[in-house]
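Here's the structure we're looking at; comments come further down.
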Amino acid sequence: MSSRRARSRQSTSSSRITDEQINDLVSKLQAVLPEARIRGAERVSAARVLQETCNYIRSLHREVDDLSERLSELLATTEASSAQAAIIRSLLK
Amino acid sequence: MESKSSTTGNRDNPNRNLHGSKTMMASHFLRALFRIQQTSTSSSSAGRSRRIRRAAYASMAYSAGTRRAWSRALLRKLRSRARLRFPRRLSRAATPQRRDMDQAQVLRKLVPGGPSMDDCKLLEETADYIRFLTTQVRLMQTVMDSISS
C-alpha cells in the first residue's frame, strides 16, 4: 500500500504521469459531473471531460453568486425569528 | 473490501466523508447567515450578499478542513481577507504537461490552489471541490426554499 503511494508520488514529481493514472482520475471526475452534461455513461475523451468540468464549475460559482443575492434580499424582508424557525423546521424534516 | 487503513479510506469512500461534512457545513453557514441578518442594515444590501457569498465559501472550506489542497487554499484566501474571485472568461491555455490536458490550465484557475497542482492532483482535488460545491449550492437552495415558503 505504502509502496504504491511512494511510486505514484515519484512518478508525478518526475512528470511521468501514466495514461492509466489520468484515465482513472478522469473517469472519477466524470462521475461527479451531472449526467446531462456528458451524454450517457459512455467513455468520452479526457479533453471533453475537462471542458465540461470547467463549464460545470463556472455554473456552480454563478449559482453561489445568484443564491447569495437572493438570500440577501430574503433576509432583508424576513423577520429573523421566523426565518430561523422555518429553516430549522425544514432541516428537521 | 472495507479498508481499515485511514490512508486509503478517503479514496475509497468519498461520500462517507461528505456526510459528516454536510452537518458542519450547514451549521457553519446557518450561524453565519443569522449573524449577517442581525448585523446588517437595509442600506448595505450589496455588502450583505457579498458577506453571504463569503460565508458560503467559508462553510465549504471549514467543513472540508485542512485535508484538501483546495480547502487549504480557500481558508488562506479567507483569512487574508482577499477578495474571492474566480475567472469568468475562458482563458488561453499556457504550456500544458500533456496534450489532452490543455483544458487543465483553464481548470487550474477555477479550483482554489489549482496553480500549484500537477495534473494528477488537479483531477483529484477538482472532483472533491465539485462535491463540496454542489452540496453547498443544495444547502443554499434548501435554506431559500424554507424561508420563502
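Computed values, structure above
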{"read-out": "Residue satisfying condition, being farther than 24 Å from residue B:87 by Cα, among the hydroxyl-bearing types (Ser, Thr, Tyr) and modelled with pLDDT of 85 or more, within set A:15, A:27", "value": "A:27"}
{"read-out": "Where residue B:82 falls short, out of the listed (1) surrounded by 19 or more Cβ atoms within 10 Å (Cβ to Cβ); (2) modelled with pLDDT under 90", "value": "(1)"}
{"read-out": "Selection status of residue B:27, part of a helix (DSSP H, G or I) and either within 23 Å of residue A:62 (Cβ to Cβ) or away from chain A (no Cβ under 11 Å) (or both)", "value": "no"}
{"read-out": "Unmet requirement for residue A:65, which otherwise passes all of (1) closer than 20 Å to residue B:106 by Cα; (2) facing chain B (nearest Cβ under 7 Å); (3) modelled with pLDDT of 90 or more", "value": "(1)"}
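Per-residue answers, yes or no, for (1) at pLDDT 90 or above; (2) not in a loop (DSSP other than H, G, I, E, B):
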residue	(1), (2)
B:32	yes, yes
B:47	no, yes
B:51	yes, yes
B:60	yes, yes
B:78	yes, yes
B:88	no, no
B:95	no, no
B:122	yes, yes
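The values are calculated or read from the model by the stated rules, or taken from the named source; none is laboratory data. Owing to the predicted nature of the structure, the values given are computational and were not obtained by experimental measurement. No Cβ is skipped: glycine too gets one built from the backbone with ideal geometry, and neighbour counts run over all protein chains shown.
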